[in-house]
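The values are calculated or read from the model by the stated rules, or taken from the named source; none is laboratory data. Worth saying up front: this structure is predicted, and the values here are computed from it rather than measured. For neighbour counting, all protein chains shown are included, and Cβ atoms are generated from backbone atoms with ideal geometry for every residue, glycine included.
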C-alpha cells in the first residue's frame, strides 16, 4: 500500500471533473471555426445572443410580419434595422461588459471579440429579418412589384444602422447611447424620406386633380426601396467602421 | 528583470498620474504603497498592458508591450486583478475563472484542472458552483484573485487585493502571494501598510505620481524612527517618508 497519496492533488482532479463546464455543440463548432475556445466562449456570452434577447427579437419581427400581412404596413423592413442596431449596441463594449477592464488585459484581443460578436449578431438578425420578410411579402399588390427588391434591400440600411449603433456605443462607451443613435437615426431617416416622397406623390396627385391622405405604405418603405440611398448607406457604414477601428485602436486606452 | 520602467509618465489631460517612474523588479513580492491618488492604479494598469504610457519606456517579461505580438505573449503570462472587478452575475465561480482561463489562451485540456486548482487556492471550493450574484464582497475579491492566478502567471498584478477580506482571509492571502512570489513577480498595490510588512520582500512608496521610496519593509520601518504618526513601526516609516515627500513637493 502506498501511504503517500496526495489527497489535495486527488481532490483537484476530482473537482476539475465535477466543476467542468461542458460546452454545447454550437460552441464547440464555433471554437473549431474561430480556432479559439476563448473567442467562442466570448461569442456565446454575448448579451444580445442569449435566449431571452433572441426570443424578444423574434417576437418583434413576428408582430411586424403579422401586421404587414394583416394591415399592409411595411413593418418588417422598418423594424429589422432598428432591432439589429439595438442588438449590435448591446453586443460588447466598455459601457456594457462589467469585466471590460479585465478583458482588455487578455491575449484574445477585445477588438477581435467585438468584431466576432458584431458579425454574429448581425448575421442572426439578418436571418430573422429575412425570414419575417419572406413570410410577409407577396400578400399585397403594392409589394408584388418590388418583392425581390424589398426582400434584400433593407439589409443595406440595416448595415448602416448597425454600424452607427456600434460606432456610438464604442466611442461614447455606452450601449444605451449606441442603441438610441442607431434606432433614432433610422427612425428619423424613414420619416424624413417618406415625407419627402409623400410630398412628391401629393404634388403629382394635385397636378392630376386628385388628393392623397396620410403617408402611404410605399412612401414609408421608400427609405428601403430608394436606390439613391444605397451609396449613402454604404458610406455611413464605412465611416462608422472607421470610427470603431479608431476608437478601439491600440494607443487610445489600450496598448 | 520581469518589469523594467524607465522614466515612465502617464497623463490624463493636465493631470500627471504617473510622473517619471523608473523601476526594475524581479521575482518576489513587490508592494506598491501610497495614499489614494498617488498613481498606483495608473502604474498597475500600464503594467497590465491596459493603459499605454504617455512617455518613457516599459518592458515586461523582457518584451516590449508596444508591439502587438509581444503584448499578446506578455498577456498570456500575466495575471491581473483590477481595483474594480466587474463580474457577470449569472456566472458561477468556476465558469468565471474558466472564462478568463480561455481568454488567456490556455490549452483547453488544461483548463478544468487549472480552474479547480485556482479556486481551491483561494479557498472557494465549497462555493465553486455558486452564482457570483450570491457571493459576498470578500468572496468576489477571491474570485478575482482566482482568475488572476489561473494561468500560473509569471507577472501577477493585484490592485487592492485584500479589500473586503476578513483578517483570517488576509492571512491566508499573504501566505498565497508569498508562495506565488517564489517563482513569479507579484506586484501588490495597497494602502494597507500591514499587508506590505507581512508579505512583501520589497516595497515602493508613491506620492503625487512619483516613487519617493524604494527598499525593504525593514528599511521603510527604519525611516520612521523618531516619527510619531502611525500605530506600528512600519506605519511610522510610511508616514515619515510621505511627510518628507510632501515637504519636498511644496518647497
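Of all residues in the range B:77-98, which are out of contact with any helix residue (DSSP H, G or I) (no Cβ under 8 Å at 6 or more places or on another chain) and in contact (Cβ under 8 Å) with a residue 60 or more places away in the chain? Reasoning before the result, please.
Going residue by residue through the range B:77-98, those that are out of contact with any helix residue (DSSP H, G or I) (no Cβ under 8 Å at 6 or more places or on another chain) are B:77-78, B:95.
Passing the criteria: B:77, B:78.
Looking at residue B:168, is it over 17 Å from the mean Cα position of the chain (by Cα) and assigned by TED's automatic domain parsing to the domain that holds residue B:47? Spell out the reasoning first.
Working: over 17 Å from the mean Cα position of the chain (by Cα): yes; assigned by TED's automatic domain parsing to the domain that holds residue B:47: yes.
Yes: the conditions hold for residue B:168.
Hey, among the residues in the range B:74-88 that are surrounded by fewer than 24 Cβ atoms within 10 Å (Cβ to Cβ) and more than 8 Å from chain A (Cβ to nearest Cβ), which one's farthest from residue A:96 (Cα to Cα)?
It comes out as B:77.
Condition test on residue A:79, is it out of contact with any strand residue (DSSP E or B) (no Cβ under 9 Å at 6 or more places or on another chain), in contact (Cβ under 8 Å) with a residue 12 or more places away in the chain and farther than 16 Å from residue A:158 by Cβ? Step through it out loud before you land on a result.
Values: out of contact with any strand residue (DSSP E or B) (no Cβ under 9 Å at 6 or more places or on another chain): yes; in contact (Cβ under 8 Å) with a residue 12 or more places away in the chain: yes; farther than 16 Å from residue A:158 by Cβ: no.
Against the criterion (out of contact with any strand residue (DSSP E or B) (no Cβ under 9 Å at 6 or more places or on another chain), in contact (Cβ under 8 Å) with a residue 12 or more places away in the chain and farther than 16 Å from residue A:158 by Cβ), residue A:79 does not qualify.
Give me a count of the residues in the range A:1-28 that are assigned to a helix (DSSP H, G or I) and within 23 Å of residue B:92 (Cα to Cα). It would help to see each step written out before you state the result.
Initially, the range A:1-28 is screened for residues assigned to a helix (DSSP H, G or I), giving A:7-19, A:25-28.
So of that shortlist, the ones also within 23 Å of residue B:92 (Cα to Cα) come out as A:8-19, A:25-28.
Residues in the range A:1-28 being assigned to a helix (DSSP H, G or I) and within 23 Å of residue B:92 (Cα to Cα): 16 in total.
Could you please find all residues in the range B:101-124 being within 20 Å of the chain's Cα centre (by Cα), more than 7 Å from chain A (Cβ to nearest Cβ) and buried (at least 19 other Cβ atoms within 10 Å of the Cβ)?
Of everything in the range B:101-124, those that are within 20 Å of the chain's Cα centre (by Cα), more than 7 Å from chain A (Cβ to nearest Cβ) and buried (at least 19 other Cβ atoms within 10 Å of the Cβ) turn out to be B:101, B:118, B:119, B:121, B:122.
For the range B:127-165, how many residues are crowded, with 22+ Cβ neighbours inside 10 Å and under 13 Å from residue B:76 (Cα atoms)?
Looking only at that region, the number is 8.
Considering (1) touching a residue at least 60 places away in the same chain (Cβ under 8 Å); (2) touching a helix residue (DSSP H, G or I) at 6+ places or on another chain (Cβ under 6 Å); (3) more than 24 Å from residue A:38 (Cβ to Cβ), say which one residue B:187 fails and leave the rest.
For residue B:187, the exception is condition (2).
Of (1) within 16 Å of the chain's Cα centre (by Cα); (2) closer than 28 Å to residue B:50 by Cα, residue B:207 satisfies all except one. Which?
In the conditions (1) within 16 Å of the chain's Cα centre (by Cα); (2) closer than 28 Å to residue B:50 by Cα, residue B:207 misses (1) alone.
Tell me, which strands (runs of 3 or more DSSP E) lie completely within the range B:136-237 with 2 or more residues that are closer than 30 Å to residue B:91 by Cβ and at pLDDT 90 or above? Walk me through how you get there before you give the answer.
Details: elements: B:155-159, B:185-190, B:202-207, B:210-215.
Correct list: B:155-159, B:185-190.
Would the range A:14-25 turn up any residue that is surrounded by fewer than 20 Cβ atoms within 10 Å (Cβ to Cβ) and either closer than 30 Å to residue A:79 by Cβ or away from chain B (no Cβ under 14 Å) (or both)?
Yes, because at least one residue in the range A:14-25 is surrounded by fewer than 20 Cβ atoms within 10 Å (Cβ to Cβ) and either closer than 30 Å to residue A:79 by Cβ or away from chain B (no Cβ under 14 Å) (or both).
Give B:94, B:17, B:68, B:24 a once-over and let me know the one that is at the interface with chain A (Cβ under 8 Å from one of its Cβ atoms) and over 14 Å from residue A:106 (Cα atoms). Step through it out loud before you land on a result.
Details: B:17 fails: at the interface with chain A (Cβ under 8 Å from one of its Cβ atoms); B:68 fails: over 14 Å from residue A:106 (Cα atoms); B:24 fails: at the interface with chain A (Cβ under 8 Å from one of its Cβ atoms).
Result of the check over B:94, B:17, B:68, B:24: B:94.
Of the numbered conditions (1) touching a helix residue (DSSP H, G or I) at 6+ places or on another chain (Cβ under 6 Å); (2) over 25 Å from residue B:176 (Cα atoms), residue B:36 fails exactly one; give the number of that condition.
The number of the failed condition is (1).
With more than 10 Å from every other protein chain (Cβ to nearest Cβ) and either crowded, with 24+ Cβ neighbours inside 10 Å or more than 27 Å from residue B:143 (Cα to Cα) (or both) as the only criterion, which of B:57, B:41, B:49 stands out? Write out each step before concluding.
Numbers: B:41 fails: either crowded, with 24+ Cβ neighbours inside 10 Å or more than 27 Å from residue B:143 (Cα to Cα) (or both); B:49 fails: more than 10 Å from every other protein chain (Cβ to nearest Cβ).
When all the criteria are applied, what remains is B:57.
Can you name the condition, by its number, that residue B:114 falls short on among (1) over 18 Å from residue B:31 (Cβ atoms); (2) touching a helix residue (DSSP H, G or I) at 6+ places or on another chain (Cβ under 9 Å); (3) assigned by TED's automatic domain parsing to the domain that holds residue B:43?
For residue B:114, the failing item is (3).
Of A:30, A:42, which residue is over 15 Å from the mean Cα position of the chain (by Cα), surrounded by 23 or more Cβ atoms within 10 Å (Cβ to Cβ) and either within 14 Å of chain B (Cβ to nearest Cβ) or within 16 Å of residue A:131 (Cβ to Cβ) (or both)? Before you say what the answer is, go through the steps one by one.
Details: A:30 fails: surrounded by 23 or more Cβ atoms within 10 Å (Cβ to Cβ).
After applying the criteria, what remains is A:42.
All but one of (1) within 29 Å of residue A:173 (Cβ to Cβ); (2) away from every other protein chain (no Cβ under 13 Å); (3) surrounded by 19 or more Cβ atoms within 10 Å (Cβ to Cβ) hold for residue A:136; state the number of the condition that does not hold.
Looking at each condition in turn, residue A:136 falls short on (1).
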